[in-house]
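Read-outs: derived from the displayed coordinates by stated rules, not from any lab. Just so we're clear, the structure is a prediction, and the values are computed from it rather than from any experiment. Cβ: placed from backbone, ideal geometry, glycine included. Neighbour counts: every protein chain shown.
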């Protein structure tokens, strides 16, 4: 077992982008494949594992900040719906102000 920590979501994506038949990935770096790998695929998989950066992606960090601030995807969708379909900007404006404070953005 490895002492390294892996980000399963990111590592799965990296392995799939490399064309490997990944079935599942654990935070310990254990990878289960849908079939046995060829020698070339094993070398490629090892390379992906060695270069893996377990830090959360910018998207994951952003979502976590929004969740901590009480902003849900449902709220965003409904605010956009009201803005686009109903012409009502009030919910979108309120969420924009809240997100600006969460992400320390200016207006």
Return one quarter of the surface area of the convex hull spanned by the alpha-carbon atoms of region 16-74, equal to its mean projected area, in nm². 5.5 nm²
Taking only Cα atoms and a 10 Å spring cutoff, compute GNM fluctuations for the chain and point out the largest among 70, 29, 87. 87
Computed from the beta carbon distance with a Förster radius of 35 Å, FRET efficiency for residue 100 and residue 53 to the nearest 0.05 stands at 0.75
For helix 58-68, report the angle its Cα long axis makes with the longest principal axis of the Cα atoms of the chain; keep it between 0 and 90° and round to the nearest 10°. 50 degrees
For the chain, the longest principal axis of the Cα atoms and the Cα long axis of helix 8-17 enclose an angle in degrees, to the nearest 10, of 70 degrees
Of 61, 71, 84, the one that fluctuates the most in a GNM where the chain has Cα springs shorter than 10 Å: 84
Radius of gyration and Dmax for region 58-102's Cα atoms, expressed in Å? 10.9, 32
Rh (Kirkwood, all Cα-Cα pairs) for the chain, Å, reads 16.7 Å
